[in-house]
Amino acid sequence: MQLTFRVDGRQLTFYLSGELDEHAASSVRRLADDTIDEHSYADFVLFDLSNVGFMDSTGIGFLIGRYKKCKRYSIPAYIKNPNPSADKILSISGVYTLIPKI
Amino acid sequence: MQNYMKLELAALSENESFARSAVAAFALPLSPSFSDLSDIKTAVSEAVTNCIVHAYKGGEGRIVIECRIEKAPRGGILHIVITDYGCGIEDVEEAMTPFFTTLENDERSGMGFTVMQTFSTFFKVESELGKGTRVIMQKAVGM
């Protein structure tokens with residue numbers, strides 16, 4: 001699992017790649033949180049999942065955890081480009097009601 | 001002869017990826033679709049994660065994965081049984097409720113059993129306090 005980010009003006013985009021499971025989530029949680037703290041002025045945060053090949057419910061926990069972090073700064077968060085299997089698990093778990101897909 | 005396999009793993013999160021890939025690879029002779037494979041991987045990952053996080057609470061333990069293929073004229077059924085010898089579940093019905101988690105502060109979605117249930121054709125949990133838990137799943141593949 002790799003996590004990189006890009007800042008365009010007041011937009012913070014996280015690019016996740018690889019497999020988002022329990023093992024992976026614990027290694028990128030801190031980096032994601034520190035990055036949100038450093039960019040708390042952002043207007044919105046995007047999670048680009050185009051390179052996530054696998055995701056289980058730990059991934060859901062990870063995304064909801066970051067959503068809560070963004071919410072503390074009143075920054076709306078969005079999900080972009082999930083592959084069909086990530087889309088399935090995100091849909092059944094209702095994540096899109098908190099972090100809409102754009 | 002029916003094809004089967006048995007895999008025993010240490011309850012370490014680094015084994016999650018191996019466990020789900022091994023079961024998916026075992027199912028390949030049934031000509032699964034991409035979506036079948038992804039369902040199998042996700043369901044196995046959920047069960048193995050539960051063993052590590054809940055049954056053994058991050059401590060030492062072993063996880064046993066048994067798979068069997070039941071062939072049909074086209075495709076077949078993949079039987080998966082995942083067993084741990086950890087703490088067991090106090091109330092299985094409650095544990096299966098969507099969003100229920102015993103680790104509120106630990107960023108758990110509480111969706112593990114719901115995902116396993118949704119992604120398999122048949123799903124059952126047997127658990128005994130202090131003895132362990134067994135997750136029994138079946139997945140119709142390529143049918």
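Read-outs: derived from the displayed coordinates by stated rules, not from any lab. Values in this document were obtained by computation on a predicted structure and should not be read as measured data. So basically every Cβ, Gly included, is an ideal-geometry build from the backbone, and we count neighbours across all protein chains shown.
Here are the numbers for the structure shown:
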{"quantity": "So B:THR42, is it in contact with a Lys or Arg (Cβ under 9 Å, 6 or more places away or on another chain) and part of a helix (DSSP H, G or I)", "calculated": "yes"}
{"quantity": "Checking A:SER91 against (1) surrounded by fewer than 14 Cβ atoms within 10 Å (Cβ to Cβ); (2) more than 12 Å from every other protein chain (Cβ to nearest Cβ), the condition it does not meet", "calculated": "(2)"}
{"quantity": "Top-ranked residue in region A:71-88 [being under 19 Å from A:ASP37 (Cβ atoms) and crowded, with 19+ Cβ neighbours inside 10 Å; ranked as farthest from the other protein chains (Cβ to nearest Cβ)]", "calculated": "A:ILE75"}
{"quantity": "Exclusive hit being out of contact with any Pro (no Cβ under 6 Å at 6 or more places or on another chain), of a type in the set (Val, Ile, Thr) and part of a strand (DSSP E or B), set A:ILE79, A:ILE36, A:ILE99", "calculated": "A:ILE79"}
{"quantity": "Whichever residue in region B:45-64 is hydrophobic (A, V, I, L, M, F, W, C) and not in a helix (DSSP H, G or I) and, among such residues, is nearest to the other protein chains (Cβ to nearest Cβ)", "calculated": "B:ILE63"}
{"quantity": "Residue count for region B:1-30, restricted to those that are of a type in the set (S, T, N, Q), surrounded by 13 or more Cβ atoms within 10 Å (Cβ to Cβ) and more than 14 Å from chain A (Cβ to nearest Cβ)", "calculated": "1"}
{"quantity": "Some residue of region A:48-67 being within 20 Å of B:VAL53 (Cβ to Cβ), within 13 Å of chain B (Cβ to nearest Cβ) and among the hydroxyl-bearing types (Ser, Thr, Tyr)", "calculated": "yes"}
{"quantity": "Cβ pairs under 6 Å, 6+ apart, first in region B:111-138 and over 13 Å from B:ASP84 (Cβ atoms), second among the aromatic types (Phe, Trp, Tyr)", "calculated": "B:MET116/B:PHE123; B:GLN117/B:PHE123; B:MET137/B:PHE123; B:GLN138/B:PHE122"}
{"quantity": "Within region A:12-24, tally of residues that are surrounded by fewer than 23 Cβ atoms within 10 Å (Cβ to Cβ) and either within 14 Å of chain B (Cβ to nearest Cβ) or within 10 Å of B:SER13 (Cβ to Cβ) (or both)", "calculated": "3"}
{"quantity": "Which numbered condition B:GLY88 misses (of (1) in contact with a Gly (Cβ under 8 Å, 6 or more places away or on another chain); (2) not in a loop (DSSP other than H, G, I, E, B))", "calculated": "(2)"}
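Yes or no, residue by residue, for (1) within 13 Å of chain A (Cβ to nearest Cβ); (2) part of a strand (DSSP E or B):
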{"position": "B:GLU66", "(1), (2)": "no, yes"}
{"position": "B:GLU94", "(1), (2)": "no, no"}
{"position": "B:THR97", "(1), (2)": "no, no"}
{"position": "B:PHE113", "(1), (2)": "yes, no"}
{"position": "B:GLU126", "(1), (2)": "no, yes"}
{"position": "B:ARG134", "(1), (2)": "no, yes"}
